[in-house]
Each structure stands twice: as structure tokens, then as C-alpha cells.
Amino acid sequence: MLKLFYAPATCSLASHIALEEAGAEYEARRVDFSTAEQTKPDYLAVNPKARVPALVTDRGVITETPAILTYIAQAFPAAKLAPANDAFAFAQLQSFLNYLCSTVHIAHAHGRRGARWADDPAAHEAMKAKVASNMTACYELIESKMFEGPFVFGDSYSIADPYLFTVAGWIEPDGVDPARFPRIVDHRNRMTARPAVARVLAMLKV
């Protein structure tokens with residue numbers, strides 16, 4: 001059985017929702033960031049990157065959100081979470097996932113984990129000061145150029161949707177005005193009403 005290592009308020013939410021949407025049989029294992037459990041030997045044996053998510057499969061461990069989402073889509077084809085038979089559409093999907101991972105998430109992390117990039121406290125403050133404008137630019141690109149509607153890639157729900165839902169949860173905490181992004185906010189609201197999303201959000205409150 002699959003085992004997902006997750007933590008609340010992290011990007012692991014996207015993989016968690018995707019597993020529910022796929023109808024996968026899995027175990028969800030919470031990693032306690034408040035005690036730095038992700039840095040302890042037991043968890044490092046699972047994921048030496050000391051990050052979540054990590055998905056344990058019968059063939060080994062998969063890390064990084066785009067990789068886990070892609071695995072879920074391909075392992076559960078009946079759920080139709082990716083355009084498996086269209087090479088171009090699949091590449092577009094990968095482009096979107098990787099933009100969220102490599103650009104949007106990094107811009108967000110500069111406000112909370114500046115120590116990854118600099119030791120100077122003044123540099124940390126400078127990075128925090130740029131978060132709202134950088135994230136606004138990211139959301140503007142998604143809203144105007146990348147989001148088709150009603151889902152990320154039009155009428156077909158895909159693994160891109162739980163990932164965008166996760167990232168859209170950072171709008172207000174990052175000091176971004178949600179009124180500027182009505183399509184993203186509408187998507188976020190509709191996602192919350194999906195049964196799979198509701199089940200995961202309920203689990204996170206326990």
C-alpha cells in the first residue's frame with residue numbers, strides 16, 4: 001500500500017488530494033514540523049531531503065510534488081488525471097507543475113525560509129519584502145496566460161488543479177490582494193467543495 005508523508009500547511013496538500021481523487025488505497029503519515037521530525041533519522045531514512053511530501057511505493061520512495069503527482073496520474077489511469085495519450089498536452093501539464101514548483105514555490109519560500117539562501121538577517125528581511133510583489137507577478141501570469149478555466153486546462157480536471165489549489169492558499173498569507181485574481185480565487189472556492197478535497201482538509205484538522 002502507498003504511504004504518503006505529509007505535513008499541514010505545506011505543498012504536500014496537492015499530492016494528498018490527488019491520491020483521494022484517484023481513489024488510491026494509501027496510508028497518510030503526518031510529519032510533525034513543530035518538533036523538526038523531518039530532520040530526525042527515522043524520517044531522513046525515508047527522505048534525506050528532509051522535506052515533504054514523500055510517497056512510499058512498492059518500488060521505492062518518490063519525492064518532489066510534480067513527480068508524485070505524475071506518478072499518481074499514471075498509476076491510476078482510470079481517474080483520468082492527466083492526458084496520457086497526448087504528448088503535447090502532457091508536456092503542457094508538466095510545464096505548469098514545474099512552474100509552480102520551481103518559480104512560485106521558491107518565491108513564496110523566500111518570505112519564510114530566507115536562511116536557505118543567506119545568513120545575513122538584513123538579507124532575510126529584504127527577501128521578505130519582495131514576496132508580495134514576486135507572488136503577485138506569478139499569479140498574474142497564471143491568471144492571464146496559464147489558467148484556461150474552469151479547471152487549469154479547461155473542462156478536464158487534472159493533477160494541476162490540486163497543485164494550483166495548494167498554491168492559491170498562499171495568496172493572503174503572502175500579502176497578495178485576492179481581488180486581483182478572481183479566476184484563481186473562484187477555482188480555489190470550487191475546489192474546496194470537491195468531496196476529495198473536503199476529506200483531506202478534514203483530515204488535516206484532526
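The values are calculated or read from the model by the stated rules, or taken from the named source; none is laboratory data. Keep in mind that this is a model prediction, so the values were computed, not measured. Note that we place each Cβ from the backbone using ideal geometry, even for glycine, and neighbour counts take in every protein chain shown.
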> Among the residues of segment 1-24, which ones are assigned to a loop (DSSP other than H, G, I, E, B), farther than 11 Å from Val52 by Cβ and in contact with a strand residue (DSSP E or B) (Cβ under 7 Å, 6 or more places away or on another chain)?
Replying inline: Met1, Ala24
>> Restricting to segment 153-172, name every residue that is closer than 12 Å to Ile184 by Cβ and of a type in the set (A, V, I, L, M, F, W, C).
In response: Leu164, Phe165, Val167, Ala168, Trp170, Ile171
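For Thr103, state whether it is surrounded by fewer than 17 Cβ atoms within 10 Å (Cβ to Cβ) and in a helix (DSSP H, G or I). Let's see the steps before the verdict.
Details: surrounded by fewer than 17 Cβ atoms within 10 Å (Cβ to Cβ): yes; in a helix (DSSP H, G or I): yes.
So Thr103 passes the test.
Give the residue, chosen from Leu141, Leu201, Leu164, that is under 17 Å from the mean Cα position of the chain (by Cα), assigned to a helix (DSSP H, G or I), at pLDDT 95 or above and surrounded by fewer than 21 Cβ atoms within 10 Å (Cβ to Cβ). Spell out the reasoning first.
Working: Leu141 fails: under 17 Å from the mean Cα position of the chain (by Cα); Leu164 fails: surrounded by fewer than 21 Cβ atoms within 10 Å (Cβ to Cβ).
Matching residue, one of Leu141, Leu201, Leu164: Leu201.
Among residues belonging to segment 98-149 that are of a type in the set (Asp, Glu) and without any contact (Cβ under 8 Å) to a residue 24 or more places away in the chain, point out the one that is nearest to Ser15 (Cα to Cα). Even if it seems obvious, please write down each step before you answer.
Filtering segment 98-149 down to residues of a type in the set (Asp, Glu) leaves 119-120, 125, 140, 143, 148.
The next check asks that each one be without any contact (Cβ under 8 Å) to a residue 24 or more places away in the chain; those that pass are 119-120, 125, 148.
Values: Asp119: 32, Asp120: 34, Glu125: 31, Glu148: 22 Å.
Filtering first and then ranking leaves Glu148.
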> With Ala84, Ala24, Ala75, Ala50 as the choices, which residue is touching a helix residue (DSSP H, G or I) at 6+ places or on another chain (Cβ under 9 Å), surrounded by fewer than 18 Cβ atoms within 10 Å (Cβ to Cβ) and at pLDDT below 95?
Replying inline: Ala84
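Being exposed (fewer than 12 other Cβ atoms within 10 Å of the Cβ), within 20 Å of Gly154 (Cβ to Cβ) and under 18 Å from the mean Cα position of the chain (by Cα) is the filter here, so list the residues in segment 168-191 that pass it. First the steps, then the outcome.
We begin by selecting, within segment 168-191, every residue exposed (fewer than 12 other Cβ atoms within 10 Å of the Cβ); these are 172, 177, 179, 182, 189.
Within this subset, residues satisfying the condition of being within 20 Å of Gly154 (Cβ to Cβ) are 182, 189.
Result: Asn189, single match.
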>> Filter segment 34-77 down to the residues that are touching a residue at least 24 places away in the same chain (Cβ under 8 Å) and more than 23 Å from Ala109 (Cβ to Cβ) and list them by number.
In response: Val56, Thr57, Ile72, Ala73, Ala75, Phe76
> Which of (1) assigned by TED's automatic domain parsing to the domain that holds Ile184; (2) in a helix (DSSP H, G or I) is the odd one out, the single condition Asp119 does not satisfy?
Replying inline: (2)
> Hey, among the residues in segment 144-161 that are surrounded by fewer than 22 Cβ atoms within 10 Å (Cβ to Cβ) and touching a strand residue (DSSP E or B) at 6+ places or on another chain (Cβ under 6 Å), which one's nearest to Lys80 (Cα to Cα)?
Replying inline: Tyr157
